[in-house]
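The values are calculated or read from the model by the stated rules, or taken from the named source; none is laboratory data. What you see is a predicted model; the values in this text were computed from it and never measured. Please note: Cβ atoms are built from the backbone with ideal geometry, for glycine as well, and neighbour counts cover all protein chains shown.
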Amino acid sequence: MAKRKICVVVTARPSYSRVKTALRAIDDHEDLELQLVVAASALLDRYGSAVQYIESDGFEIKSRVFNILEGENLTAAAKTTGIGILELASVFENLKPDIVVTIADRFETMATAIAASYMNIPLAHVQGGEVTGNIDEKVRHSITKLADYHFVASEGAMERVLKLGEEKDQVFNTGCPSIDLAAEVFTNSDFDFDPIAKYGGVGKSLDYKSDYLVVMQHPVTTEYTESRKHVTQTLEAIRELNIPTFWFWPNVDAGSDGTSGAIRAFREKNADTNIHFFKNMEPQDFLRLLVNSKCLIGNSSVGIRECAYLGVPVVNIGTRQNRRDRGANVSDVPYDKDAIKNAILNWVEHGRAEQSQVYGGGNAGENIAQLLAEVPLQFHKTIVY
């Protein structure tokens, strides 16, 4: 019997860590053939060049899709999605996959879902059913309605997908593949590398051996005109605390030019500030950096997912992660310098947070691969009332 061809489309830096263990499990499965497509910002150096880590991990890339338009605004995001549909339709025509897998909720993933759906290719969606505070929620729920199989990451997400009218026997709580990586790191969490020596980055050398913070703050697409002002509050809070800090570049979302511009302006005026800036890291190295930190600050979903499993304290700023299922490791604050500072200091004094398996226990990748091998192939469905 021929192997099922599983086409996974990775479109951004966070998408790779979200699906890496599933890629590995698909590649290792005797009944599956992995067709890996890398697209959009995952190919661009300015956003961390995730493709380099994908290749260094030994995955064969079947196709590359360059479809990101410059602009970092709402118009560019919409046009990038349209170009993605055009390009991915050609890729799918050439690869002829049995199932296409799309990940999470970024605007580029919508192109994957639309192209596969119109070509009658069964579509599997990883991490549907979650709720947040920006355009990603519309995209996520839209992909749920286009998808044939749903690999959700939590019980709350599963309930929402079912409420959207999806068939119960096509919705599976697999857990989140990124937790698989967190589980691997948790068993060996030694901080056994020098992040500045290994990844370079920009900024002063840090004495991070005792205490340090990690920051990852993205623009909010529904508040993108305020992104510069939002991140400036965080920059000032970190500057005043003067704790060694590793800061990561934002995603390619509407408003990221404002976030990036504020960081550059701050860096020029505060060259001696105790901050070192990075574009990206290998997923396992990033998790080791997190698990040994005092706190993660910003609005990345890594604070909600991986940090919950690892017991890393999180200061979650603003509305980007609104209503998302979370553990007890998260403190929510507004875009306010003093509120951010106080929340950080509270966690530094408190120490590690309570661990949670709200997003799974570390076997999501294998679960997803086995389901992809077993589910009946279908590209149509009946809405359940």
**Request:** Could you list, in sequence order, all residues of segment 252-281 that are within 15 Å of the chain's Cα centre (by Cα) and surrounded by fewer than 20 Cβ atoms within 10 Å (Cβ to Cβ)?
**Result:** Lys279
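Could you check segment 44-71 and list, in sequence order, the residues that are under 21 Å from Ser178 (Cβ atoms) and surrounded by 22 or more Cβ atoms within 10 Å (Cβ to Cβ)? Quick ask: steps written out before the conclusion?
Taking segment 44-71 as the starting set, the residues that turn out to be under 21 Å from Ser178 (Cβ atoms) are 47-59, 61.
Gly48, Ala50 - these are the residues of segment 44-71 that are under 21 Å from Ser178 (Cβ atoms) and surrounded by 22 or more Cβ atoms within 10 Å (Cβ to Cβ).
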**Request:** Go through segment 61-83 residue by residue and tally those that are part of a helix (DSSP H, G or I) and either in the same structural domain as Gly261 (by TED's automatic domain parsing) or without any contact (Cβ under 8 Å) to a residue 60 or more places away in the chain (or both).
**Result:** 7
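Step by step: first the residues of segment 159-202, then only those that are of a type in the set (Gly, Ala, Ser) and under 27 Å from His125 (Cβ atoms), then the one that is surrounded by the fewest Cβ atoms within 10 Å (Cβ to Cβ). Which residue is that? Full working, then the answer.
As a first pass, look at segment 159-202 and keep what is of a type in the set (Gly, Ala, Ser): 165, 175, 178, 182-183, 189, 197, 200-201.
If we keep only those that are under 27 Å from His125 (Cβ atoms) as well, we get 165, 175, 178, 182-183.
Values: Gly165: 13, Gly175: 25, Ser178: 29, Ala182: 27, Ala183: 21.
Filtering segment 159-202 for residues that are of a type in the set (Gly, Ala, Ser) and under 27 Å from His125 (Cβ atoms), the one surrounded by the fewest Cβ atoms within 10 Å (Cβ to Cβ) comes out as Gly165.
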**Prompt:** Any idea which residue in segment 206-222 is surrounded by the most Cβ atoms within 10 Å (Cβ to Cβ), counting only those that are farther than 16 Å from Ser300 by Cβ and modelled with pLDDT of 90 or more?
**Reply:** Tyr212
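What residue, of Phe246, Phe266, is part of a strand (DSSP E or B), touching a residue at least 24 places away in the same chain (Cβ under 8 Å) and not basic (Lys, Arg)?
Working: Phe266 fails: part of a strand (DSSP E or B).
Step by step, each of Phe246, Phe266 is checked, and only Phe246 is part of a strand (DSSP E or B), touching a residue at least 24 places away in the same chain (Cβ under 8 Å) and not basic (Lys, Arg).
Within segment 20-53, how many residues turn out to be of a type outside the set (Gly, Ala, Ser) and modelled with pLDDT of 95 or more?
So the first thing to find is which residues in segment 20-53 are of a type outside the set (Gly, Ala, Ser), and the list is 20-21, 23-24, 26-38, 43-47, 51-53.
Those still in the list that are modelled with pLDDT of 95 or more too: 21, 23-24, 26-38.
Residues that pass the stated criteria total 16.
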**Asked** Since Asn316 meets every condition but one in (1) within 23 Å of Arg24 (Cα to Cα); (2) in the same structural domain as Asn242 (by TED's automatic domain parsing), which condition does it not meet?
**Response** (1)
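Restricting attention to segment 217-230, and to residues there that are out of contact with any Pro (no Cβ under 8 Å at 6 or more places or on another chain) and not polar (S, T, N, Q), which single residue is nearest to Ala339 (Cα to Cα)?
Going through segment 217-230, the residues out of contact with any Pro (no Cβ under 8 Å at 6 or more places or on another chain) turn out to be 220-226, 228-229.
Then keep just the ones that are not polar (S, T, N, Q); that gives 220, 223-224, 226, 228-229.
Details: Val220: 19, Glu223: 20, Tyr224: 21, Glu226: 18, Arg228: 18, Lys229: 15 Å.
Here the residue is Lys229.
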